[in-house]
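A quick write-up on the structure given underneath.
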Amino acid sequence: MLAVVRDADFYPHPSPLPPAGEGGKPAPAGSLSRWRERAGVRVQNARALRANGTDAEQTLWRHLRSRQLDGHKFRRQHLIGPYIADFACIEARLVVELDGGQHAQAGAVEHDERRTQFLQDQGWHVLRFWNHEVLMELAGVLQAIAQVLNHPHPNPFPPAGEGVEQPTLSCMGRD
């Protein structure tokens with residue numbers, strides 16, 4: 001004879017949390033599952049963008065992929081915060097964005113400026129090129145990217161310890 005086991009036999013106190021998925025209600029706005037849901041949508045969007053790249057993106061990608069540009073690794077359609085960067089070199093903190101004609105419209109210009117500001121606030125250097133520049137002047141675009149990769153900051157800090165005189169033991173009264 002089989003014994004019927006009730007949940008109450010194993011869990012004498014009811015959980016204060018509602019069972020998962022009860023009532024089909026969406027997760028609260030600030031919840032972890034809501035964040036994961038949004039991240040999943042962004043990942044799907046990035047995959048779709050990779051699959052349906054413009055001619056300019058495909059052309060530039062042929063020259064950036066597999067560490068072909070001075071040994072730097074680039075990712076295509078890389079998620080950074082709420083945005084998807086066309087190309088990103090994580091080790092150099094460089095984002096390369098390609099813009100088509102729709103980016104010249106009034107609303108798009110402000111959006112691009114907010115996006116660039118966000119990326120710069122996160123420590124990324126942003127380069128923007130028009131699609132026609134990539135298609136017509138590829139060598140110049142690659143040279144501009146390589147220049148930023150090889151000289152990331154016009155006034156870099158000196159290496160640690162240079163320019164600062166270190167006290168010696170004799171200066172500290174420990175003869």
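Every number here is computed from the coordinates shown, using simple stated rules; none is lab data. Computed from a predicted model, the values in this text were never measured in an experiment. For neighbour counting, all protein chains shown are included, and Cβ atoms are generated from backbone atoms with ideal geometry for every residue, glycine included.
Just to check your reading of the model, which residue among Arg128, Arg115, Arg93, Arg42 is among the basic types (Lys, Arg) and over 12 Å from the mean Cα position of the chain (by Cα)? Steps first, please.
Details: Arg115 fails: over 12 Å from the mean Cα position of the chain (by Cα); Arg93 fails: over 12 Å from the mean Cα position of the chain (by Cα); Arg42 fails: over 12 Å from the mean Cα position of the chain (by Cα).
Answer to the selection: Arg128.
Quick one: in the stretch 105-137, of everything that is of a type in the set (A, V, I, L, M) and within 23 Å of Arg62 (Cβ to Cβ), which residue is surrounded by the fewest Cβ atoms within 10 Å (Cβ to Cβ)? Spell out how you get there, then give the answer.
Narrowing the stretch 105-137 to residues of a type in the set (A, V, I, L, M): 106, 108-109, 119, 126-127, 134-136.
With the extra rule that they be within 23 Å of Arg62 (Cβ to Cβ), the set shrinks to 126-127, 134-136.
Working: Val126: 18, Leu127: 15, Val134: 22, Leu135: 15, Met136: 11.
By that ranking, first place goes to Met136.
Among the strands (runs of 3 or more DSSP E) lying completely within the stretch 80-157, list those that include at least 3 residues that are on the phi < 0 side of the Ramachandran plot, in contact with an Asp or Glu (Cβ under 9 Å, 6 or more places away or on another chain) and hydrophobic (A, V, I, L, M, F, W, C). Don't jump to the end; show me each part of the working.
Details: elements: 83-89, 94-99, 125-130.
The qualifying strands (runs of 3 or more DSSP E) are 94-99, 125-130.
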